[in-house]
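Here is the structure we will look at, set down as structure tokens.
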């Protein structure tokens with residue numbers, strides 16, 4: 001359900017949506033560079049900042065800066081919901097014909113927005129354009145996590161191998177509306193895009209080094225994001241367990257035949273204690289793994305069925321200000 005969200009998309013040409021977490025150190029430079037870069041494109045635009053409640057007093061900094069930027073809207077969420085849900089909040093409030101999504105740490109240079117926008121505007125058959133970095137300025141472990149996620153997307157969604165996914169992208173209005181129509185409590189943005197369209201291309205862009213703080217994504221979070229992709233859009237774990245179960249059954253049958261033959265044609269008996277011990281432990285581990293995978297799917301079903309909202313907006317500052325808990329969405 002959406003309340004008090006402006007759906008007049010024709011007014012604005014470009015909406016830039018940025019989920020914010022620990023952004024206070026860069027907010028002044030971010031707004032300044034965004035405004036300069038978007039003004040050079042010479043179209044109507046808006047900048048939407050979604051505060052995902054990092055507790056760094058971003059609202060105080062925005063209140064101090066926002067009077068200099070009439071095209072900025074600041075949305076403060078009631079509690080931390082994660083990057084993807086915060087991004088869905090921004091998409092729901094975006095009014096532009098084209099929507100740019102980017103990170104808040106200035107590793108995505110605002111000056112590269114024009115490349116994404118111009119490529120998509122000049123290619124009406126496309127639904128999205130993703131930035132492909134000339135040189136990635138991430139740590140080695142994060143690049144490994146990205147490769148794992150890319151392999152999963154290629155397998156599950158049949159993503160073209162030469163297509164590079166990134167969080168710096170330009171989407172047309174039709175695709176944004178399609179994303180918002182997915183009523184899921186686990187919105188994996190890249191996966192949702194791939195499940196809605198294949199009309200995607202890359203544009204080569206610069207990727208800057210992080211100058212403030214450290215990345216909010218660690219290896220565990222990247223692995224979790226990969227598992228979210230698999231569990232939300234695929235039955236692969238259940239299929240693997242089924243295959244392992246069939247394989248173990250065949251192996252047990254073969255070993256049973258071998259032990260019977262040994263028992264029949266050898267003089268001594270077969271002790272069997274070691275093999276029995278290993279077999280019991282193996283089956284116990286396989287059983288626990290099966291229960292764990294089934295539990296993950298059941299928890300997701302429970303999360304979807306509860307009807308819990310993706311986010312709750314505490315207030316907005318900017319063109320349409322509210323100071324109460326007036327907006328929520330479970331789409």
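Read-outs: derived from the displayed coordinates by stated rules, not from any lab. A quick note: this is a predicted structure, and the numbers were derived from the prediction, not measured. Every residue, glycine among them, receives a Cβ derived from its backbone with ideal geometry; neighbour counts consider all protein chains shown.
At a glance:
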quantity: Listed peptides 82-92, 171-181 by packing density, highest first (mean Cβ within 10 Å); calculated: 82-92, 171-181
quantity: Residue order, fewest to most beta carbons within 10 Å, for 12, 184, 101; calculated: 184, 12, 101
quantity: Two-site label geometry, residue 39 and residue 264: point separation in nm, points 7 Å out along Cα→Cβ; calculated: 9.1
quantity: Packing-based order for 118-130, 41-53, using average beta carbon neighbours within 10 Å, highest first; calculated: 41-53, 118-130
quantity: Residue order, fewest to most beta carbons within 10 Å, for 32, 104; calculated: 32, 104
quantity: Segment residue 64-residue 195, length gained on full extension (0.36 nm per residue, minus Cα span); calculated: 43.1 nm
quantity: Cα-Cα P(r), the stretch 14-115, percent of pairs per 5 Å interval; calculated: 2, 13, 27, 27, 21, 8, 2, 0
quantity: Net length gained if the chain between residue 54 and residue 238 were fully extended (0.36 nm per residue, minus Cα distance); calculated: 62.6 nm
